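Each remark here refers to the structure printed beneath this line.
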Amino acid sequence: MIKHIVFFKLEDNSQEHKQIIKDKLLSLQDKIEVLKSTEVGLNFATEDRAYDLALLCDFESKEDLQAYAIHPVHVEFVNYVKSKNTITKVVDYEY
């Protein structure tokens, strides 16, 4: 199994915008069959080093993660968050 974790730092980190991003991320589960599970957390920490959201996804294989990365629905989401000046950090690992 593969765990895919992404942290998002949003330029607009209002609760409304965070909820929009969360809803968009959760909607990917129903649209991308290689995506086995999805969890999205809204951060409540206030330190400068804190990010605003965390995405945790599970995949069966590295190939499924690669398929997810180029899936048109995922690419559309990535383009959206990039257009909002979002900074992201990622960790992928096998377990």
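Read the figures in this text as sums done on the coordinates, not as results from a lab. The model shown is predicted, which means the values in this text are computed figures rather than measured ones. In this analysis, Cβ positions are derived from the backbone assuming ideal geometry, glycine residues included, and neighbour counts consider all displayed protein chains.
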Report summary line: Exactly one of Asp58, Asp48 is surrounded by 15 or more Cβ atoms within 10 Å (Cβ to Cβ), without any contact (Cβ under 8 Å) to a residue 60 or more places away in the chain, not in a helix (DSSP H, G or I) and not hydrophobic (A, V, I, L, M, F, W, C), and that residue is Asp58
Query raised in the report: How many residues are under 17 Å from Ser61 (Cβ atoms) and either among the charged types (D, E, K, R) or free of Cβ contacts under 8 Å to residues at least 12 places away in the same chain (or both) when one looks only at the stretch 30-45?
Result: 2
Report task. Can you give me the number of residues within the stretch 51-83 that are among the basic types (Lys, Arg) and within 14 Å of the chain's Cα centre (by Cα)? Result -> 1
Query raised in the report: Thr46 passes all but one of (1) under 15 Å from Thr86 (Cα atoms); (2) out of contact with any His (no Cβ under 8 Å at 6 or more places or on another chain); which number fails?
Result: (1)
Report task. Just one of (1) in contact (Cβ under 8 Å) with a residue 60 or more places away in the chain; (2) outside any strand (DSSP E or B); (3) more than 27 Å from Gln15 (Cβ to Cβ) trips up Asp92, so point out which. Result -> (2)
Query - In the stretch 61-89, residue surrounded by the fewest Cβ atoms within 10 Å (Cβ to Cβ) [restricted to those that are out of contact with any strand residue (DSSP E or B) (no Cβ under 8 Å at 6 or more places or on another chain) and outside any helix (DSSP H, G or I)] - result: Asn85
